[in-house]
Amino acid sequence: AIIPTYNRRELVVRAIDSVLAQTRRVDEIVVVDDGSTDGTEAVLRERYGDRIRYVHQANAGVSAARNHGMAIAQGRYFALLDSDDEWLPEKTARQVEWMQAHPDFGMVLCDVERVDGEHRPVDIMRRRDVIHEDGWILRWIIHNPSLVPASALLKREVVADVGGFDVTLRTAEDIEFHLRIAHRWKIGVIELPLVRAMRGHEGLSAESSTYDDYVRVVEGAVANAKGLVDEVELRRALSATYARNARGMLMYRRWSDGWRLATQAWAITPDTAQRLELLRLVPFALRRGVRGLLP
């Protein structure tokens, strides 16, 4: 288990406890403290002692912390767990069993129960909504590459092959990792919610720059997927990415950036449904602009 954390001493305890509560024992729990200043080390050493492998690094971001953890971990499989998320008790057993039954696959995902900041249920992220069949899934996720890292279990050979998380990305590093693995390895899905993931709190994904990172990642993935995925599908995926992130930029009143992406989306595809969605950005932007003028 690879658990990066930064100034979340109460939340990371919940995460670690969920690993210790697995029905299939986890051989090694690596907690990488990314420069916390809230007393995380003292709390974890007192509570867990040698039941976890605690390492501290100067603050370098979540990608560097995950990479550090994977570099020192000893196991055959790596299971990621952000410090604000939790595993449900059967997670490890189900995923290891699945991987052992599918030795030619590199990674397996599961459904995710999403909760709010008070740990109240919000919804279920069902992977089959995007990934329609196991195997070479790039053609599916190029349209929607979202990844909850806590839902993944992967072979250590995958990281040796494709590398770790991209430390140059402030956000969208998880979708970039997902796309890179899908380019070279088969991926499967267990259709059960085996993870509880927090959403809608203080994470980096709430920042405006997230949209720039997301677009850059998908543009790179589309370029790399030429010859592997049908050209029409790639254009549709890129158009949808531009449209989705145009809306986000308009929410932040980044008018020129939002309209630039919307224009690019319109030019890429003649798909009627996608163009109708783009037209709906006009009244949306007008409403945002009017609200911005109100006292």
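Rounded, prolate or oblate: which fits the range 132-248, taking a ≥ b ≥ c as square roots of the Cα gyration tensor eigenvalues, rounded meaning a/c under 1.5, else prolate when a/b beats b/c?
It comes out rounded by the Cα gyration axes.
Determine the distance separating the Cα centre of the range 120-195 from the Cα centre of the range 216-266; give it in Å without decimals. The range 120-195 and the range 216-266 have Cα centres spaced 19 Å from each other.
Evaluated with a Cβ-only charge set (Lys, Arg +1; Asp, Glu -1), the chain carries a dipole of roughly 740 debye about its Cα centre, given to the nearest 20. Projecting label points 7 angstrom from Cα along Cα→Cβ for residue 58 and residue 170 puts them 2.0 nm apart.
Which chymotrypsin sites (Phe, Trp or Tyr not before Pro) from the range 101-191 combine a DSSP loop assignment with at most 16 other Cβ atoms within 10 Å?
On the way: sites: 105, 136, 140, 165, 177, 185; in loops: 136, 165, 185.
Within the range 101-191, the qualifying chymotrypsin sites (Phe, Trp or Tyr not before Pro) (loop, at most 16 other Cβ atoms within 10 Å) are 136.
Let me know the shape class of the range 13-161, please: from the alpha-carbon gyration tensor, a ≥ b ≥ c as square roots of the eigenvalues, rounded when a/c is under 1.5, otherwise prolate if a/b is greater than b/c, or oblate. Prolate, since a/c reaches 1.5 and a/b exceeds b/c. Taking a ≥ b ≥ c as the square roots of the eigenvalues of the alpha-carbon gyration tensor, the range 139-197 is classed rounded because a/c is under 1.5. Label positions at residue 74 and residue 144, each projected 7 Å from the Cα along the C-beta direction, are separated by 4.1 nm. Taking the chain as the reference, fit the longest principal axis to its C-alpha atoms, fit the long axis of helix 173-184 to the helix C-alpha atoms, and give the angle between the two in degrees, 0 to 90, nearest 10. The angle comes out near 90 degrees. Here's the picture: a label point sits 7 Å out from the Cα of residue 128 along the beta-carbon direction, and within the range 135-149 nothing has its amide nitrogen under 13 Å of it. In the complete set of protein chains, residue-level accessible area for residue 278 is approximately 10 Å², probe 1.4 angstrom. Under a Gaussian network description of the chain, with springs only between Cα atoms under 10 Å, the residue in 196, 280, 66 that fluctuates furthest is 280. Dipole check for the range 123-222: with +1 at the C-beta of Lys and Arg, -1 at the C-beta of Asp and Glu, and the Cα centre as origin, the magnitude is about 340 Debye.
In this structure, residue 186 and residue 23 have a Cβ-Cβ separation that, at R0 = 30 Å, corresponds to a calculated FRET efficiency of about 0.70. Only one residue of 12, 80, 110 has its Cα farthest out toward the positive end of the dipole of the chain, where Lys and Arg carry +1 and Asp and Glu -1 on Cβ, and that residue is 110. Counting only protein heavy atoms and using a 1.4 Å probe, the accessible area of residue 251 comes to about 90 Å². Taking amide H as placed 1.01 Å from N in the peptide plane, the amide H of residue 137 sits under 5 Å from that of 187, each at least 5 places away or on another chain. Rounded to the nearest 500, the helix-only mean residue ellipticity at 222 nm of the chain stands at -14500 deg cm²/dmol, with each DSSP H run of n ≥ 4 adding -39,500 (n - 2.57).
Given a 1.4 Å probe and the protein chains as shown, residue 48 ends up with an accessible area of around 10 Å². Here the gap between residue 38 and residue 219, fully extended at 0.36 nm per residue and compared with their Cα-Cα distance, gives a gain of 61.3 nm. Return one number: the angle in degrees, 0 to 90 and rounded to the nearest 10, between the long axis of the Cα atoms of helix 9-20 and the longest principal axis of the Cα atoms of the chain. That works out to roughly 70 degrees. Multiplying the residue separation of residue 272 and residue 50 by 0.36 nm and subtracting their alpha-carbon distance yields 74.0 nm. Under 5 Å between amide hydrogens, built in the peptide plane, is the criterion, and for residue 229 it picks out nothing among residues at least 5 positions away or on other chains. In a DSSP loop and with at most 15 other Cβ atoms within 10 Å, the GluC sites (Glu not before Pro) in the range 138-205 are 202. The long axis of helix 231-251 is offset from the longest Cα principal axis of the chain by roughly 90 degrees.
Mean separation of Cα pairs under 8 Å and 6 or more residues apart, divided by the residue count, gives the chain a relative contact order of 17 percent.
The values are calculated or read from the model by the stated rules, or taken from the named source; none is laboratory data. None of these values were measured; they are calculated from a predicted model. Glycine also receives a Cβ, built like all others from the backbone with ideal geometry; neighbour counts cover every protein chain displayed. Side chains included, ligands, DNA and RNA excluded: accessible areas come from the protein's heavy atoms. Shrake-Rupley method; radii C 1.70, N 1.55, O 1.52, S 1.80 Å.
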